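*Asks:* Here's a structure for you.
The values are calculated or read from the model by the stated rules, or taken from the named source; none is laboratory data. Given the structure is predicted, the values throughout are model-derived calculations rather than measurements. Quick reminder, even Gly has a Cβ in these numbers, built from the backbone with ideal geometry, and neighbours come from all protein chains shown. Please note that ligands, DNA and RNA were not included when accessible areas were found on the heavy atoms of the full protein model with its side chains. Shrake-Rupley method; radii C 1.70, N 1.55, O 1.52, S 1.80 Å.
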There are 2 protein chains.
Amino acid sequence: MPYKINHKPWRDVSAAMLEHRKQTIAAVEPAVPGVADSLPLNVTSIPRQLLPSEVIEITESPSELLISRLSTGKLSSTAVVTAFLQRAGLASKLTNCVAELLPERALTRAKYLDDYLSKHRQTIGPLHGLPISVKEHVEMAGLDINAGFAAWVGNVATSDALILKLLWNAGCVFYARTTEPQALMHLETDNAIYGTTTNPFNTNLTAGGSSGGEGALLGLRGSCLGIGTDIGGSIRSPAANNGVFGLRPTSYRLPLSGLAATMLGAEHIVPVIGPLSTSLEGINLFMKALIDQQPWLYEPSLVPLPWKDTTEDSLLRKDGTGNRKLRIGVLSDDGVVKPHPPILRGIQTLVSALQSHPDIEIIPFPPYKHAEAWRIISSLYFADGGAEEKAAINASGEAILPLTEFILTQNPNVKELSVHEVWKLTQEREGYKAAYTRHWNSDQMVDVILTPAGPGCAPPHDCARYWGYTSQWNLLDYPSLVFPTGLQAGLEDKVEEGYKPRNEEDGYNYELYKPETYVDAPISLQLVGRRYEDEKVVEALRMISEIAGLPLKN
Amino acid sequence: MPYKINHKPWRDVSAAMLEHRKQTIAAVEPAVPGVADSLPLNVTSIPRQLLPSEVIEITESPSELLISRLSTGKLSSTAVVTAFLQRAGLASKLTNCVAELLPERALTRAKYLDDYLSKHRQTIGPLHGLPISVKEHVEMAGLDINAGFAAWVGNVATSDALILKLLWNAGCVFYARTTEPQALMHLETDNAIYGTTTNPFNTNLTAGGSSGGEGALLGLRGSCLGIGTDIGGSIRSPAANNGVFGLRPTSYRLPLSGLAATMLGAEHIVPVIGPLSTSLEGINLFMKALIDQQPWLYEPSLVPLPWKDTTEDSLLRKDGTGNRKLRIGVLSDDGVVKPHPPILRGIQTLVSALQSHPDIEIIPFPPYKHAEAWRIISSLYFADGGAEEKAAINASGEAILPLTEFILTQNPNVKELSVHEVWKLTQEREGYKAAYTRHWNSDQMVDVILTPAGPGCAPPHDCARYWGYTSQWNLLDYPSLVFPTGLQAGLEDKVEEGYKPRNEEDGYNYELYKPETYVDAPISLQLVGRRYEDEKVVEALRMISEIAGLPLKN
C-alpha cells in the first residue's frame, strides 16, 4: 500500500501513541502490576515477584508444552492469553517493548478457540490457542502501521499480512504488537514514537534490533513465540541480546506480503520474516505450521519446499551403526572485528562440551573476505541513496537517530545508484556467493558453522555499529539460527590487554568492551547452514543441545 | 567475464567466421553432402535423400532410445556422434543453423566414452555418449563467444558453462554450436555474423529465436537434444516453429553461470536455460541428469528441488480406483492477439481428441490482463534503456536489425530507469503475479493450461513481433512446455474474413496471415504449469500424448 504522511509534529504523534498504548495495557484484566520508579539494571526477576504463580507457570512454558496442553484442553486459550497479556504489559513497563496490546480481540479469539475445542473435540490447527507476538510493521487489519516513522502513523492496515492469515488458520491468537527502530535498520530499537526499548538483563544495554521489541518481550517471557523480520540481523540480534532463539530462514520460504516498509520492490538484498522463540521446538513448530499450508500457492515468489520435520526424520549423515554424525565448522572470529571476551568464552565452553563426543567433529572454519561481503551488502541496502527513509523521517521533523546516521548517512557505501551500478554490484554479490560456496565445498566440508551472533553481547545503547556477524548470512542467504548458551557475561571476562585493533571498526568494538558494562548480558551464538538447509540447522542445534547439555551454567 | 570489443568492421568479422564454420563442416568425415543451388521451400525431406540409411536411423531416434543403445554398447558413441555431425552439417547448409561444428573434440570425447564403456563395462553417467547441441552464447572452453554481436567476436571462453560441466559429467558429447540473433532478443534468428537461420519446413519462414539455430537443427534431426535459453520465448518459439519439444523450466532450477550476454547482473526478469528435444522423454532425461547432480551446491542462486521422475511416481490426482485425473484449462486466445487459424485448429483438434476421455476434464481458462503483463515485462527487459545492446551493435558498425529495432527502439516501454522506477515496476510485476495466482486459485483450479505457443505458426522473416504467448509465462515464471501436435498448416486454414482487429498488434498479426504463406509450418502448442511444477507439466503432456495419440495426423 502507499503510505500517507500525517503532517503532524512527531511529539504530538508520539504522545498520542503512548497514551493509546497505556490504555491498551490498562485494559488488561487482571490489572498489570505497576513497577517501582527505581529498578535494578537486571529486571528479569521482577515478573516472578509481581505475578501470580499460575501466570508464571504458563508464561515460562515453551510453546511445545503449551500447545500440547492447549490441544487437550488441559489449559484454555483464555487462560494462556490472559497470562501472556499480563506479563507482556509488565514487560513493556520494564523495557518499553510493546507498541500496543490487543486484549479485546485476543480474548475474543481465545474464547472462540476454547468454545471450538469444547464443541468439536478437535483443534482448528497445530498452534491452537497459542498467543503470538508480532513486530509492528507486520500489517494487522484495522491497526496502525508506521514502520517506526512518526510521519507514517495513521496508516491503517486493510488486511492481515499473509503470514498472519496462515498463523490464524493454524489457531494462533495475536495479543501484542512490538516496537522497532526508526527506518527498521538498526541493531537497536528506538524511534520517535515510543522511545528506546531496553534489554531486560541490563537496561543500560540495547535489546537489539530491529525486532527488539520482540527480543525484550521474549527475554522477559511476555511472549513464548513472536514474529520478526531480518535483512541484516534484525531477528538474530534481538534474539541473541535477550537470550532467546531466533531463526533467519532462507529467503522465499515464508510469506512477506503485507509488511509496511520503505523500498518496497527492492530485491537487491531480500528481507526475510521468521520466528523468535523461547525454545528451539517453538522455531520448528512455527516453520512447520506455516509451510505445511503451502504458502507458495498464495505468494508466487515463494519456493515449494516442504518443511522437513527433523523430530521425525533426520537430515544428518549416519555412520555404519546408524548414529548421526555432525561436522561443525567453528568460525570464532570473522577476521574483521574480533568478538568480545564473553563471546569467545561462550564458543570455547560450548566447543569443549562437544569436542570429545564421538559423533561430533569440530573443525576450524576460516572466514572468507567478510569485509568484502559488508561492502557489497551495505552498498545494496539503500540503492536510492536512502531517499525513502530520509523523506519519511523528515516529514515529521523527528531527529535522525544516531544509528540511522551511522547506516544511512555516514556509511560511505550508500549512494543513489544507476541501474548499471546496481547490476555491477549484483554481479559482485553473486560472485561473492559463488566464491563462498566453493569455500564451503573445500575438502573439509562441514554441516553447519558455529559462529558468534555479533561482535559482543548486547552493547550499550546507540553502539551497535558492526553488523558483520549477522549481515554476512543475509548476503549469502544462509539460514542462521541464534541460540542462548545459557552463559552470561560477567566480571571474569577480562579485557584483552595490549590488543592492537585491525581497523577502525575493530578499534571501536575493542574500546566498547569493559567487563562491568556487560554484566548479566546473555552469551548467545549462531548456527549457520547452507542455503535452504534450514531444517538441518534446527536438527544440528537439537543434537548440539543434547550433547552439550544446553543451557550451560556460568 | 568482461567482453572485449574487436574493433573490426563487421563484414570482415563475418567473413572470417563463415570461413571458419565452412572449415569445421568440411572436416567432418564422411563428408557432409553438398546441396543443390535451388531447393524447395520445405527441405525436411532432403536429409533422407542424401544421407546413408544408418545415419538416418540414428539421427531419427529419440534420445531415450539412443541412450539405451549407447549404454549397452549396441551403438557406439563414435557412430552416433559421426551421424549427427553429418546431419548437422547438412542441416546448416539447408537452414544456416550452425555456428560451428566440433568434429575433432567430439570424436575424441566419443572415443574416450566408447573405450570407457568397453573397459569398465559401465557408463560414466546417465547420458553416456549422447551428442548435445549448444546455443552459441553458452560458453565452451577455448571457443569464441559473441552473443550475436560482431564486435564481441574474439572473446574466448576460459571454461565451460556450469551446465556443460554437469552434462559432461553425465556423459554427453558436445559436437555443434548453434546460431542466435543480434542481442539475443528476437523470436527470429539472424545476426551480422552468420545471417539468417531459416525454417526447414518452409525456408520463407523464421526458425524462431533466439535459440533458432537449435530449433532448425532439431527440426532437421541434426540434433536430438540441445540447449537453449529463454527470457521471452527463446526456447519455445524455435521449438514451436520447428515442430520439436522445448521446455522453459521454472527459474533457478538449472545453472545459468557461464552465459555470454549483455545486462549481466540484471534480475528484473530472470532468463532460464533449458532443453529442446525431438522427444518428450529427452526433456525429462535432460532435466533429471542435471538436477540429480545437485547443481545448487555449485551455483548458489539455485533452489534445491530434486527432479521428480514422473515415469516412476505420478504427481497427478487419482480417483478412487487409482486412475490419474487431469484438469486442463484451455486458453486459446489471450484476449490481445487472436491466434491464426492453424493454431486454433490445432487446439480444437487436440481438445476434441481429449474431451470425451473419462480421466480428462477440459475447462475454458480465461486470460487475465495479458496486455498488462506485456507492458510490465517489456518495461523491465532493458532497464538501462538498451544501452549495452546499442553499444555492442554500434561498436562494429553492423546494422540494427528490424526486430532489434522493434524490441529496443520502437518499444515505447524501453527507457533508462531510475532505481525507484525499477522498484515500482517490480512491485507491479509481483502484484500481477499475485493476481494471476488468485486467478488460477479460483474455483475451477486446473492442473495445467493448454495454450498457443505463439500467435501463429512460424511467421515470415522479420515479422515475429508479438511475444505475448510466451513472454506471459516468463513474467509469471511458470514452467512451459512446447510440443508439436503433428499437424501442419495448410491451405485449408482459411482467413477469418471480416475480422475486426482489437488493437494494432492484433491488426498486424491478422494481416500477416495468408494460408499460402504458412504451408507445411508445424502447428505446435504449449502446456503451462504452476511455478516449480515442471515435472507435473511433463507428466501431463505424457498423459495427453497417450490419450490423444500424438502426433496427430493432418
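*Asks:* Quick check on my filter: what residues within segment A:385-433 are within 20 Å of residue A:232 (Cβ to Cβ), within 27 Å of the chain's Cα centre (by Cα) and of a type in the set (D, E, K, R)?
*Replies:* Across segment A:385-433, the qualifying residues are A:388, A:389, A:390, A:405, A:429, A:430, A:433.
*Asks:* So, in segment B:284-312, how many residues would count as being open to solvent by 20 Å² or more (accessible area, probe 1.4 Å) and outside any loop (DSSP other than H, G, I, E, B)?
*Replies:* Final tally of qualifying residues: 4.
*Asks:* Residues that are within 24 Å of the chain's Cα centre (by Cα) and either free of Cβ contacts under 8 Å to residues at least 24 places away in the same chain or within 16 Å of residue B:344 (Cβ to Cβ) (or both): does segment B:499-512 have at least one?
*Replies:* yes
*Asks:* Consider residue A:314 carefully, then state whether it is of a type in the set (Ser, Thr, Tyr), farther than 25 Å from residue A:281 by Cβ, in contact (Cβ under 8 Å) with a residue 24 or more places away in the chain and away from chain B (no Cβ under 14 Å). I'd like the intermediate steps shown before the answer.
*Replies:* Working: of a type in the set (Ser, Thr, Tyr): yes; farther than 25 Å from residue A:281 by Cβ: no; in contact (Cβ under 8 Å) with a residue 24 or more places away in the chain: yes; away from chain B (no Cβ under 14 Å): yes.
Considered against the rule, which asks whether it is of a type in the set (Ser, Thr, Tyr), farther than 25 Å from residue A:281 by Cβ, in contact (Cβ under 8 Å) with a residue 24 or more places away in the chain and away from chain B (no Cβ under 14 Å), residue A:314 comes out as no.
*Asks:* Report whether or not residue B:141 is of a type in the set (Gly, Ala, Ser), touching a residue at least 12 places away in the same chain (Cβ under 8 Å) and assigned to a helix (DSSP H, G or I).
*Replies:* So residue B:141 fails the test.
*Asks:* Working only within segment A:419-449, note down all residues that are at pLDDT 95 or above and acidic (Asp, Glu).
*Replies:* Within segment A:419-449, A:421, A:428, A:430, A:447 meet the criteria.
*Asks:* Name the one entry in A:517, A:485 that is more than 14 Å from chain B (Cβ to nearest Cβ), assigned to a helix (DSSP H, G or I) and at negative phi.
*Replies:* Details: A:485 fails: assigned to a helix (DSSP H, G or I).
Answer to the selection: A:517.
*Asks:* Among the residues of segment B:259-279, which ones are part of a loop (DSSP other than H, G, I, E, B), modelled with pLDDT of 95 or more and more than 22 Å from residue B:378 (Cβ to Cβ)?
*Replies:* B:278, B:279
*Asks:* Do you know which residues across segment A:296-311 are at pLDDT 95 or above and away from every other protein chain (no Cβ under 11 Å)?
*Replies:* A:307, A:308
*Asks:* Separate question: Give the residues of segment B:393-427 that are within 28 Å of residue A:269 (Cβ to Cβ) and open to solvent by 50 Å² or more (accessible area, probe 1.4 Å), sorted by residue number.
*Replies:* Those that are within 28 Å of residue A:269 (Cβ to Cβ) and open to solvent by 50 Å² or more (accessible area, probe 1.4 Å): B:415, B:416, B:420, B:421, B:424, B:427.
*Asks:* From the list B:320, B:335, exactly one residue is away from chain A (no Cβ under 14 Å), open to solvent by 20 Å² or more (accessible area, probe 1.4 Å) and over 27 Å from residue B:452 (Cα atoms). Which is it?
*Replies:* B:320
*Asks:* Only one of (1) under 30 Å from residue B:437 (Cα atoms); (2) outside any helix (DSSP H, G or I); (3) away from chain A (no Cβ under 14 Å); (4) open to solvent by less than 30 Å² (accessible area, probe 1.4 Å) is not met by residue B:541, so which one is it?
*Replies:* Residue B:541 satisfies all of (1) under 30 Å from residue B:437 (Cα atoms); (2) outside any helix (DSSP H, G or I); (3) away from chain A (no Cβ under 14 Å); (4) open to solvent by less than 30 Å² (accessible area, probe 1.4 Å) except (2).
*Asks:* Looking only at segment B:112-151, count every residue that is within 22 Å of residue B:221 (Cβ to Cβ) and either touching a Pro at 6+ places or on another chain (Cβ under 6 Å) or of a type in the set (Gly, Ala, Ser) (or both) and tell me the total.
*Replies:* Qualifying residue count, segment B:112-151: 2.
*Asks:* Shifting gears a bit: Please go through segment A:444-468 and give me each residue that is buried (at least 17 other Cβ atoms within 10 Å of the Cβ) and assigned to a strand (DSSP E or B), ordered by number.
*Replies:* First, the residues of segment A:444-468 that are buried (at least 17 other Cβ atoms within 10 Å of the Cβ): A:446-459, A:461, A:463-468.
Within segment A:444-468, A:448, A:449, A:450, A:451, A:452 meet the criteria.
Let's see how each residue does on (1) more than 15 Å from residue A:223 (Cα to Cα); (2) crowded, with 21+ Cβ neighbours inside 10 Å:
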{"position": "A:2", "(1), (2)": "yes, no"}
{"position": "A:29", "(1), (2)": "yes, no"}
{"position": "A:34", "(1), (2)": "yes, no"}
{"position": "A:42", "(1), (2)": "yes, no"}
{"position": "A:50", "(1), (2)": "yes, no"}
{"position": "A:70", "(1), (2)": "yes, yes"}
{"position": "A:87", "(1), (2)": "no, yes"}
{"position": "A:91", "(1), (2)": "no, yes"}
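Conditions tested, residue by residue: (1) open to solvent by less than 10 Å² (accessible area, probe 1.4 Å); (2) in the same structural domain as residue B:390 (by TED's automatic domain parsing); (3) over 21 Å from residue B:43 (Cα atoms).
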{"residue": "B:213", "(1), (2), (3)": "yes, no, no"}
{"residue": "B:218", "(1), (2), (3)": "yes, no, no"}
{"residue": "B:224", "(1), (2), (3)": "yes, no, no"}
{"residue": "B:232", "(1), (2), (3)": "yes, no, yes"}
{"residue": "B:235", "(1), (2), (3)": "yes, no, yes"}
{"residue": "B:241", "(1), (2), (3)": "no, no, no"}
{"residue": "B:246", "(1), (2), (3)": "yes, no, yes"}
{"residue": "B:255", "(1), (2), (3)": "yes, no, yes"}
{"residue": "B:262", "(1), (2), (3)": "no, no, yes"}
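*Asks:* Please find, among B:347, B:328, B:363, the residue that is at pLDDT 95 or above, in contact with a Lys or Arg (Cβ under 7 Å, 6 or more places away or on another chain) and either surrounded by fewer than 16 Cβ atoms within 10 Å (Cβ to Cβ) or not polar (S, T, N, Q) (or both). Outline the logic, then answer.
*Replies:* On the way: B:347 fails: in contact with a Lys or Arg (Cβ under 7 Å, 6 or more places away or on another chain); B:328 fails: in contact with a Lys or Arg (Cβ under 7 Å, 6 or more places away or on another chain).
That would be B:363, the only listed residue that is at pLDDT 95 or above, in contact with a Lys or Arg (Cβ under 7 Å, 6 or more places away or on another chain) and either surrounded by fewer than 16 Cβ atoms within 10 Å (Cβ to Cβ) or not polar (S, T, N, Q) (or both).
*Asks:* Determine which member of the set A:190, A:160, A:144 is crowded, with 24+ Cβ neighbours inside 10 Å and modelled with pLDDT of 95 or more.
*Replies:* Details: A:160 fails: crowded, with 24+ Cβ neighbours inside 10 Å; A:144 fails: crowded, with 24+ Cβ neighbours inside 10 Å.
Selected residue: A:190, the only one of A:190, A:160, A:144 that is crowded, with 24+ Cβ neighbours inside 10 Å and modelled with pLDDT of 95 or more.
So that you can scan it fast, the table gives a plain yes or no per residue for (1) modelled with pLDDT of 95 or more; (2) under 26 Å from residue A:241 (Cβ atoms); (3) outside any helix (DSSP H, G or I):
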| site | (1), (2), (3) |
| --- | --- |
| A:48 | yes, yes, no |
| A:61 | yes, yes, yes |
| A:64 | yes, yes, no |
| A:67 | yes, no, no |
| A:70 | yes, no, no |
| A:79 | yes, no, no |
| A:82 | yes, no, no |
| A:90 | yes, yes, no |
| A:108 | yes, no, no |
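*Asks:* Still on this structure, please answer the following. When both residues are 6+ apart or on different chains and their Cβ atoms are under 6 Å apart, which pairs have a first residue that lies in segment B:367-391 and is free of Cβ contacts under 8 Å to residues at least 60 places away in the same chain, and a second that is open to solvent by less than 40 Å² (accessible area, probe 1.4 Å) and not in a loop (DSSP other than H, G, I, E, B)?
*Replies:* If the second residue must be open to solvent by less than 40 Å² (accessible area, probe 1.4 Å) and not in a loop (DSSP other than H, G, I, E, B), the pairs left are B:379/B:425; B:386/B:408.
*Asks:* OK, next. So residue B:441 passes all but one of these: (1) of a type outside the set (D, E, K, R); (2) farther than 30 Å from residue B:332 by Cβ; (3) within 14 Å of another protein chain (Cβ to nearest Cβ); (4) open to solvent by 40 Å² or more (accessible area, probe 1.4 Å). Which condition number does it fail?
*Replies:* The one condition residue B:441 does not meet is (2).
*Asks:* Looking only at segment B:392-420, count every residue that is free of Cβ contacts under 8 Å to residues at least 12 places away in the same chain and either within 14 Å of chain A (Cβ to nearest Cβ) or in contact with a Leu (Cβ under 7 Å, 6 or more places away or on another chain) (or both) and tell me the total.
*Replies:* 3
Okay, residues lined up against (1) touching a Ser or Thr at 6+ places or on another chain (Cβ under 9 Å); (2) open to solvent by 30 Å² or more (accessible area, probe 1.4 Å):
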| residue | (1), (2) |
| --- | --- |
| B:507 | no, no |
| B:511 | no, yes |
| B:521 | no, no |
| B:552 | yes, no |
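*Asks:* Answer yes if at least one residue in segment B:109-126 is in contact with a strand residue (DSSP E or B) (Cβ under 9 Å, 6 or more places away or on another chain), closer than 23 Å to residue B:26 by Cα and either open to solvent by 10 Å² or more (accessible area, probe 1.4 Å) or not aromatic (Phe, Trp, Tyr) (or both), and no otherwise.
*Replies:* Yes, segment B:109-126 contains at least one residue that is in contact with a strand residue (DSSP E or B) (Cβ under 9 Å, 6 or more places away or on another chain), closer than 23 Å to residue B:26 by Cα and either open to solvent by 10 Å² or more (accessible area, probe 1.4 Å) or not aromatic (Phe, Trp, Tyr) (or both).
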